[in-house]
Amino acid sequence: MAAFWNNLDLGSLNPFGKAEGYVAVDIGSSSVKMIEAAIEKDGYRLVSVGVLPLPPTAIQNNMVADKDAVVKAIQSLLQNNGVKATRAIAAVPGRVAIIKKIQLPAQGEEELAANVEFKASEVIPEALENVNLDYQVLDYLENGAKMDVLLVAVKKDILNSYTQVIRDAGLTPAIMDVDYFAMENMYEVSYGATSEGVVALLDIGARYTSINVLKQGVSAFTGDLPVGGEAFTEALVQALQVSPEQAEAFKVTGKLEAKKNGDLEKLLKPTVDHLAAEVARTLSLYRAMADEEAIHRIYLTGGAAKTTGLSKALADRLGVSVELAEPLRGFTLSKHLDREYLAESALALAVGAGLSIRRLGDK
Ligand SMILES: Nc1ncnc2c1ncn2[C@@H]1O[C@H](COP(=O)(O)OP(=O)(O)OP(=O)(O)O)[C@@H](O)[C@H]1O
Ligand SMILES: [Mg+2]
């Protein structure tokens with residue numbers, strides 16, 4: 001399992017401890033992704049997968065704004081795929097999580113539980129009554145005299161906006177994670193055996209690009225940029241004076257309505273270059289922090305990872321090799337699953353894949 005991850009403290013959610021199944025629900029700004037995976041003796045198996053679009057108004061300012069639309073999408077995904085699982089594993093976007101690493105004298109679990117709030121109040125720039133707080137011991141240092149502890153806080157109103165739609169859809173929000181950690185988990189499952197050195201994971205979604213630098217598979221730096229697939233579509237709308245639907249279709253298929261003409265790569269280039277420059281700028285903050293360690297590979301995920309010209313622009317700008325990740329390669333596939341559909345949607349399923357194998361008590 002990943003070196004750290006978080007169960008944002010939701011209290012005891014399944015007091016009877018029935019062995020109900022788990023289903024991962026990744027609520028993105030353009031769609032909801034659902035993944036059900038089984039953990040078997042010899043590895044992970046994908047049981048069901050589905051994606052349904054959300055209206056652009058469903059998620060606003062990193063919160064669920066149109067509850068009904070999201071609840072409906074989750075319910076349809078469960079129904080369409082015959083999902084029996086009742087426990088949901090979900091995530092909040094990393095950009096709403098306040099993540100801090102602190103060092104404490106080594107102490108036992110109970111002592112830490114008693115002390116952690118006080119320590120958190122010193123480093124978390126929010127009143128603690130307004131956040132859900134979680135923590136995890138990362139490492140012991142100085143021959144066990146000290147420990148590194150990761151603190152994660154998420155504002156209650158944001159977290160609740162996600163847990164509420166999960167409840168309204170008939171599921172129990174059993175595990176709430178942060179999408180960075182889900183990405184780290186995805187990497188471990190997909191590339192764990194070969195993971196070495198420093199790699200950066202870039203998840204390019206509809207509205208955001210999230211950046212996660214992993215050192216030996218463990219997150220060492222995270223960041224976010226407010227640029228994603230919508231910005232590419234918008235650029236085409238502006239340049240060609242077409243509708244958002246036409247622009248989206250052109251972006252994804254490369255085909256434009258008969259009367260219009262355009263070189264997709266050229267039209268996208270300014271926005272692509274802007275994103276590449278912003279990624280370079282963000283990664284230079286990491287390099288300044290840990291100067292000896294160069295990033296040796298970048299893995300792209302997210303629906304917009306395939307944007308024409310993007311991999312190349314990133315590789316040119318950063319001087320490292322850039323690859324589309326294979327978020328599902330660590331899973332065997334149940335017989336009934338549509339291979340072609342999975343291949344087509346795999347990049348957008350990266351967060352969901354990482355979430356799908358979380359279980360309570362993993363920590
Ligand atoms: N083949 C493709 N080429 C380029 N872009 C694509 C392609 N397929 C999908 N996209 C874009 O991917 C985006 C959706 O990606 P994804 O599902 O990862 O986002 P999200 O999780 O909903 O958003 P976010 O994580 O930002 O909240 C959309 O903007 C869509 O236009
Ligand atoms: Mg996303």
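Read-outs throughout are calculated quantities, based only on the coordinates presented, and are distinct from any laboratory measurement. Keep in mind that what you see is a predicted model, and the values were worked out from it rather than measured. Here the Cβ positions follow ideal geometry from the backbone for every residue, glycine too, while neighbour counts run over all protein chains shown.
Per residue, the chain reaches -11000 deg cm²/dmol at 222 nm when only DSSP H runs of four or more residues are counted, each adding -39500 (n - 2.57).
The shape of the stretch 71-123 comes out prolate: with a ≥ b ≥ c from the C-alpha gyration tensor, a/c is at least 1.5 and a/b beats b/c. Computed over the stretch 208-286, the quotient of the alpha carbon radius of gyration and 2.2 N^0.38 Å is 1.36. Both the radius of gyration and Dmax for the stretch 39-191 are 18.3, 53 Å, in that order, over alpha-carbon atoms. Tell me, how many Å apart are the Cα centres for the stretch 185-246 and for the stretch 267-300? The stretch 185-246 and the stretch 267-300 have Cα centres separated by 11 Å.
Rg then Dmax, both in Å and based on the Cα atoms of the stretch 109-238: 18.1, 60. Direction-averaged projected area, Cα convex hull, the chain: 19.4 nm², rounded to one decimal. Seen against the Cα atoms of the chain and their longest principal axis, helix 229-240 is set at about 20 degrees.
Once C-alpha pairs closer than 8 Å and six or more residues apart are averaged by separation and normalised to the residue number of the stretch 183-255, the relative contact order reads 22 percent. Extents of the stretch 222-264, taken as max minus min of Cα coordinates on every principal axis and listed largest first, are 43, 18, 17 Å. Each peptide in 196-204, 350-358, 336-344, 115-123 was scored by the mean count of other Cβ atoms within 10 Å over its residues; highest first, the order is 350-358, 196-204, 115-123, 336-344.
Contact order for the chain, expressed relative to its length and based on alpha carbon pairs under 8 Å spaced 6+ residues apart, stands at 21 percent.
Here the Karplus curve 6.51 cos²θ - 1.76 cosθ + 1.60, taken at θ = phi - 60°, turns the phi angles of the stretch 64-76 into couplings of 6, 9, 10, 4, 4, 5, 6, 4, 4, 4, 5, 4, 5 Hz, with x standing for Gly and Pro. Can you tell me which lysines have their Cα less than 28 Å from the Cα of Lys67? Leave out same-chain residues fewer than eight positions away. Counting by Cα, and skipping residues close in sequence, Lys67 has these lysines nearby: Lys33, Lys84, Lys155, Lys156.
In degrees between 0 and 90, to the nearest 10, how far off the longest principal axis of the chain does helix 179-191 point, with axes built from Cα atoms? The answer is roughly 80 degrees.
Here, the stretch 165-209 has an Rg and a Dmax of 14.4, 43 Å when only alpha carbons are counted. With Cα atoms defining each centre, the stretch 95-160 and the stretch 348-363 are spaced 22 Å apart in the structure. The convex hull built on the alpha-carbon positions of the stretch 282-353 has an orientation-averaged projected area of 6.0 nm². Distances between placed amide hydrogens fall under 5 Å for Thr332 paired with Tyr44, Arg45, Leu46, all partners being 5 or more residues away or on another chain. Seen against the Cα atoms of the chain and their longest principal axis, helix 109-123 is set at about 50 degrees.
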